[in-house]
Amino acid sequence: HRILTELIHNFTSFAPLGTVLVSMRGIGVAERTGLIGAALRLLVLSAPRGLLTFLLVFAGILSNTASEVGYVLLVPLGAIIFQTVGRHPLAGMAAAFAGVSGGYSANLLLGTVDPLLSGLSEEAARIIDPAYVVNPACNWYFMIVSTFFIAAAGTWVTEKIVVPRLGDYEGETPAEGDELKKLTNEEKRGLWWAFAVSAVLMSLVVVGLVPENGILREAETGSILHSPFMHGIVTFIFVVGLLAGIAYGVGAGTIKSDADVVKGMKESMGSLALFMVLVFFAAQFVAYFKYT
């Protein structure tokens, strides 16, 4: 327990900016190799027609796990999918955009934004209580409920308001598969490899948390809330994203060498440039606020 706790502490003992840098490196690899994009496409493409709108909004909500990938992938994909089944493409685009934008921060899993927000909240709380700790999973239950609520609300608005206002679609409907790219055999193999690696990692987490003396629980009290797992959730996001991304990349052939892994980490850092500028001025405000 002491060794594990120390390892996790050393890995995540950064300021809020540092924690999000760590988690985004793992997610960046998963995004660079194509894992997240392929998983979202699989979710939407395999949807029954009656659940198409719901799953499109649902996938848009889940896409924030990889930051802004939903805007790049799902919004145009939503239009193509709706057009393929003979529905108005603008309705599909609106549904996807509603999920990505309206559902941002809601999710079934913790993403890169949760350690960031908890770190900022912790810094603000420590103006009053220097020992206050905000766990990245503090909003998890709210996020899970919000995911299904927003998906249902987005579906209702799309079907009852957006679609009737757009009217019947009278444009051309492409043949099945002409515009809608299905998963290739390589992508399917990569997804299976990523699923296998993720299943092994999740099994290790379950083995470490379920027993009363599990290694991922707090050593003294056996608590999960204050356990190394919860305090080191950023580490686990990094490990799962990194290993699953590598597994997918090797299986799908999108990773040729270790340089591709490093490149994925590097590219994920580029999206933080604007955030770093914002943090600079926010830090000045917090410092002056504390001083006064």
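The values are calculated or read from the model by the stated rules, or taken from the named source; none is laboratory data. Since this is a predicted model, take the numbers as computed values, not measurements. No Cβ is skipped: glycine too gets one built from the backbone with ideal geometry, and neighbour counts run over all protein chains shown. Note: accessible area is taken over every heavy atom of the protein model, side chains too, but ligands, DNA and RNA are not part of it. Shrake-Rupley method; radii C 1.70, N 1.55, O 1.52, S 1.80 Å.
Descriptive notes on the structure:
- Net charge of the neighbourhood of SER223, taken over other residues with C-beta under 11 Å away and scored Lys/Arg +1, Asp/Glu -1, is -2.
- In a DSSP loop and with at most 10 other Cβ atoms within 10 Å, the GluC sites (Glu not before Pro) in segment 184-292 are GLU212, GLU220.
- Here LYS256 is the anchor, and the lysines within straight C-alpha reach of less than 24 Å, apart from those fewer than 8 places off in the same chain, are LYS181, LYS182, LYS188, LYS266.
- Computed FRET value (nearest 0.05) for LYS266 with ALA153, which takes r as the C-beta separation and R₀ as 35 Å: 0.40
- Cα gyration tensor shape for segment 71-221, rounded if a/c is under 1.5, else prolate or oblate: oblate
- Cα-based Rg of segment 193-245 normalised by 2.2 N^0.38 Å, two decimals: 1.18
- Solvent-accessible surface ranking, highest first, for ILE215, ILE27 at 1.4 angstrom: ILE215, ILE27
- Most to least accessible of ASP258, ASP129 (protein chains only, probe 1.4 Å): ASP258, ASP129
- Accessible surface of MET93 - all protein chains present, 1.4 Å probe, nearest 10 Å²: 80 Å²
- D (Stokes-Einstein, µm²/s), Kirkwood Cα radius, segment 29-97, 0.692 mPa s at 37 °C: 281 µm²/s
- Extension gain from ILE80 to SER46, taking 0.36 nm per residue of separation minus the Cα-Cα distance: 10.8 nm
- Legend: residues LEU42, LEU209, sorted from most to least accessible area (1.4 Å probe; ligands, DNA and RNA excluded), read LEU42, LEU209.
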